[in-house]
């Protein structure tokens, strides 16, 4: 399994840069000149493709968000902050935002809780650990579109496995068309997304556990700490960096989710499972409110960047402390 | 506690003898439960893909009640999944090559060469790691339309390499830069002292050492490009150039619900990833782990 010690190793690289600069100082300026030229030649191709297909549309998106462009007409009417102010009167946007919050909270806590439990169980498991780990990882490499389709079958009101299971255990009253019921649509999509994500969390946390000092855990056991106390007070603090990392990745990605919802419910029934990303998609591609869709996209960008930067800060602070 | 601790105690066995048995049993039950939860949807795809149509009408989602392998070839030809498969190959292969080539060079320069603006360029790439596809999809659509690329496979290839969907050069540069930083400095310095040009140092000294990093990156890009849904769905609307993911989605949401062909098509899509996963499990896991540490 991969080691995660790279996380801790990163800051050390900064120190060697100074040493290298010192070594370089003695060399003649012509060598420095070719080095700089080579460096630009090496960086330029990647930078160009990146600027053209990522940075440029990113900037354009912000520009569009200040217009009321419909995607068709030749002129882009500038409207200032109107798209942003009109968001406060947009009920569907608020619904999407609320669903997005549910998505982020549940879609982060559930896979992390499941992944942590399984990783801890597999950590000291001697028989079959690799087989279990490989198996749990399979959903993560399964394409989202297939996850969406097959869970749609499981939720199928006529012959889906979930209703059959409920009938079998005598809970007939609970059977329903899970994706077609406004009360359960979002939860049903979330379950499929959690199914697709927990193996990834398990893998990363298991890798993180490999660097935990076993003697600490043994000492706690000898001192009479039970399973929960050892996990809570000894093991989890040891893997805190990886735990924060997986939490952050699942959380940050949650702001921009589109594919699961688009594939499974299209945001429906009605707008019951609408999320921000899909709402931006709807505005930009289906109802020709490109400017407004771009504004929603920009809100997603801001939320994502704030979360990502907060996480980077948090991690740096953790490093300084340790 | 009367018992003397054994040299290597089982950390999850409390001293109480009853709990010593219950602990592992509970653990196995939980592990097995999640194994079943993991397997059921996957087996459902395989089982549906090879089901006999007559049997299908009786109970569509009973597991492995009959076997008819012709469904797969039907999906390949009648369902057009053969065409979608090749489209996916034509998208994925140049994407992997492009990301690897561009990121290896840029990652090397950012890790090992010194030049003005290095940090600025590095931060620009890091920004690209954080911006989600959702944030660029709308303007990118119109940009590709204006460039005359919309609907072509090149649209997905170029935007993919650029990093719009998360597996492009920002990720590659980040991984390759970290990889080159970890390589020892002495070899390159020795070559420079011997009069090698910067290009020769890269080509003859550093590149031969970059194999493991390139392998990890290739597999990471391969699997994300192969599995991606939204970008080709948006930028390649026509049937001609459709890859597997959007082909499957549009087939599954079409008017006729041919579950067996959908399942067979899913199998066609998932098998290449599974083969790569089995063959290169170590690099695969390393790539996913390293890719996750990108923050």
Open item on the list: Along the Cα→Cβ direction, 7 angstrom out, place labels at residue A:233 and residue B:278. What is the inter-label distance in nm?
Closed with: 4.7 nm
Task: At 0.692 mPa s and 37 °C, Stokes D of the stretch B:230-295 from Kirkwood alpha-carbon radius, µm² per second - done: 234 µm²/s
TODO: Would you calculate a helix-derived [θ] at 222 nm for chain A, using -39,500 (n - 2.57) for each DSSP H run of n ≥ 4 and dividing by the full residue count, to the nearest 500?
DONE: -22000 deg cm²/dmol
Task: Stokes-Einstein D (µm²/s) once Rh is taken as the Kirkwood radius of the stretch A:124-182 over alpha-carbon pairs, at 10 °C in 1.306 mPa s - done: 116 µm²/s
Task: Choice from B:44, B:230, B:33 with maximal GNM fluctuation in chain B (Cα, 10 Å cutoff) - done: B:33
Task: Likely footprinting exposure, B:261, B:217, B:120, fewest C-beta neighbours within 10 Å first - done: B:120, B:261, B:217
TODO: Provide a whole-number value for the mean count of partner chain Cβ atoms within 10 Å of the Cβ atoms in peptide B:28-39.
DONE: 5
TODO: Would you mind ranking B:192, B:112, A:317, B:282 so that the residue whose beta carbon has the fewest other beta carbons within 10 Å leads the list?
DONE: A:317, B:282, B:192, B:112
TODO: Enter the Cα centre distance for the pair the stretch B:91-132 and the stretch A:193-265, rounded to the nearest angstrom.
DONE: 30 Å
Open item on the list: I need two numbers for the stretch B:134-207: Rg to one decimal and Dmax as a whole number, Cα atoms only, in Å.
Closed with: 18.7, 52
Open item on the list: Once R0 is set to 22 Å, what does the formula 1/(1 + (r/R0)^6) return for the Cβ-Cβ distance between residue A:37 and residue B:123, expressed as a FRET efficiency to the nearest 0.05?
Closed with: 0.50
Open item on the list: If you consider only alpha-carbon coordinates, what radius of gyration and Dmax does chain A have, in Å?
Closed with: 24.9, 83
Task: For q = 0.23 Å⁻¹, Debye-computed log10 I/I(0) when each Cα of the stretch A:228-322 counts as one equal scatterer - done: -1.10
Open item on the list: Can you compute the FRET efficiency between residue B:114 and residue B:194 using 1/(1 + (r/R0)^6), with r the Cβ-Cβ distance and R0 = 25 Å? Round to the nearest 0.05.
Closed with: 0.80
- [ ] Based on alpha-carbon positions alone, could you give the equivalent ellipsoid semi-axes of chain B from the gyration tensor, as √(5λ), descending, whole Å?
- [x] 40, 35, 17
Task: D (Stokes-Einstein, µm²/s), Kirkwood Cα radius, the stretch A:168-219, 1.567 mPa s at 4 °C - done: 89 µm²/s
Open item on the list: Using helices alone, I'd like the mean residue ellipticity at 222 nm for chain B: each DSSP H run of four-plus residues gives -39500 (n - 2.57), total over residue count, nearest 500.
Closed with: -22000 deg cm²/dmol
Task: Inter-probe distance in nm under a simple model that places probes 7 Å from Cα toward Cβ, at residue A:187 and residue B:240 - done: 4.8 nm
Open item on the list: I need B:38, B:95 ordered by Cβ neighbour count within 10 Å, fewest first.
Closed with: B:38, B:95
Open item on the list: Give me the base-10 log of I(q)/I(0) for the stretch B:57-96 at each q in 0.22, 0.27 Å⁻¹, Debye formula, one uniform scatterer per Cα, rounded to two decimals.
Closed with: -0.76, -0.87
Open item on the list: What percent of all Cα-Cα pairs in the protein assembly as shown falls into each 20 Å bin, going from 0 up to the bin containing the maximum distance?
Closed with: 18, 50, 29, 4, 0
Open item on the list: Need the full-extension length gain, residue A:215 to residue A:316, defined as separation in residues times 0.36 nm minus the C-alpha distance. One decimal, nm.
Closed with: 33.6 nm
Task: Förster radius 22 Å - calculated FRET efficiency between residue B:256 and residue B:86, Cβ distance, rounded to 0.05 - done: 0.40
Task: When the stretch A:86-136 is reduced to its Cα atoms, the Kirkwood hydrodynamic radius in Å - done: 13.6 Å
Task: GNM top mover of A:128, A:254, A:199 - chain A, alpha-carbon springs below 10 Å - done: A:128
- [ ] With label points built 7 Å along Cα→Cβ from the Cα atoms of residue A:51 and residue A:168, find their separation and express it in nm.
- [x] 6.0 nm
TODO: Select from A:73, A:61, A:273 the residue whose mean-square fluctuation is largest in a Gaussian network model of chain A (Cα-Cα springs shorter than 10 Å).
DONE: A:73
TODO: Summarise the partner chain shielding of A:133-139 as one whole number: the mean count of Cβ atoms from other chains within 10 Å of each residue's Cβ.
DONE: 5
TODO: Within a 10 angstrom radius of each residue's Cβ in A:203-212, how many Cβ atoms of other chains show up on average? Whole number is fine.
DONE: 2
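Taken together, the values in this text are just the output of simple stated rules run on the coordinates, not laboratory data. This is a predicted model, so every value here is computed, not measured. Please note: Cβ atoms are built from the backbone with ideal geometry, for glycine as well, and neighbour counts cover all protein chains shown.
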